[in-house]
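The values are calculated or read from the model by the stated rules, or taken from the named source; none is laboratory data. All values derive from a computational prediction rather than experimental measurement. Glycine also receives a Cβ, built like all others from the backbone with ideal geometry; neighbour counts cover every protein chain displayed.
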């Protein structure tokens, strides 16, 4: 029998209290315990980025973080970003440029891209590529994804003027 730990955290703006197995990873907690299946479990080794979520405002790999370590934390998944409208323009750019092809990497990729939009609004194309390099995409070759992020940044800069 595995040890259990009581945690309380905020997920997508909602306070959640649960008893979790000490070794349950965040991605499994989100998907299995909370039914938030937008984030995907890909490699389960922190390499592919499909499980990318925000914890206390920073992007992390959900497969590398234990849920029990997040007592008091604020977690935002792709569902949370979508519900707030924070990435609506980015999602539209992904669709317009066919950057979502099979869609498996898209939630993690959008969260990583949203991080650029929040923290690096003047990012160059090379900086966008570097920032997204931790998220693996088998379908697009990244060109369409970088185009989508670059155009969203440009549109937001124009709107800020």
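Does residue 43 meet the test of being within 16 Å of residue 27 (Cα to Cα), at pLDDT below 95 and surrounded by fewer than 24 Cβ atoms within 10 Å (Cβ to Cβ)? Even if it seems obvious, please write down each step before you answer.
On the way: within 16 Å of residue 27 (Cα to Cα): yes; at pLDDT below 95: yes; surrounded by fewer than 24 Cβ atoms within 10 Å (Cβ to Cβ): yes.
Judged against the criteria, residue 43 is a match.
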Does any residue of segment 72-89 turn out to be surrounded by 13 or more Cβ atoms within 10 Å (Cβ to Cβ), closer than 30 Å to residue 6 by Cβ, modelled with pLDDT of 95 or more and more than 14 Å from the chain's Cα centre (by Cα)? yes
Test residue 152 against the criterion of being in contact with a strand residue (DSSP E or B) (Cβ under 7 Å, 6 or more places away or on another chain) and either modelled with pLDDT under 95 or buried (at least 18 other Cβ atoms within 10 Å of the Cβ) (or both), and give yes or no. no
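Please go through segment 2-29 and give me each residue that is on the phi > 0 side of the Ramachandran plot and surrounded by fewer than 16 Cβ atoms within 10 Å (Cβ to Cβ), ordered by number. Let's see the steps before the verdict.
Of segment 2-29, the ones on the phi > 0 side of the Ramachandran plot are 12-13.
Matches in segment 2-29: 13 only.
With the structure loaded, tell me whether residue 32 is in a helix (DSSP H, G or I), free of Cβ contacts under 8 Å to residues at least 40 places away in the same chain, exposed (fewer than 14 other Cβ atoms within 10 Å of the Cβ) and on the phi < 0 side of the Ramachandran plot or whether it fails that test.
Numbers: in a helix (DSSP H, G or I): yes; free of Cβ contacts under 8 Å to residues at least 40 places away in the same chain: yes; exposed (fewer than 14 other Cβ atoms within 10 Å of the Cβ): yes; on the phi < 0 side of the Ramachandran plot: yes.
Yes, satisfied.
Return the total of residues in segment 132-148 being closer than 19 Å to residue 57 by Cα and either out of contact with any helix residue (DSSP H, G or I) (no Cβ under 9 Å at 6 or more places or on another chain) or buried (at least 19 other Cβ atoms within 10 Å of the Cβ) (or both). Full working, then the answer.
Going residue by residue through segment 132-148, those that are closer than 19 Å to residue 57 by Cα are 132, 134-135.
Keeping just the survivors that are either out of contact with any helix residue (DSSP H, G or I) (no Cβ under 9 Å at 6 or more places or on another chain) or buried (at least 19 other Cβ atoms within 10 Å of the Cβ) (or both) gives 132, 135.
Selection size over segment 132-148: 2.
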Output yes when any residue across segment 100-107 is within 16 Å of the chain's Cα centre (by Cα), surrounded by fewer than 20 Cβ atoms within 10 Å (Cβ to Cβ) and not assigned by TED's automatic domain parsing to the domain that holds residue 42, and no when none is. yes
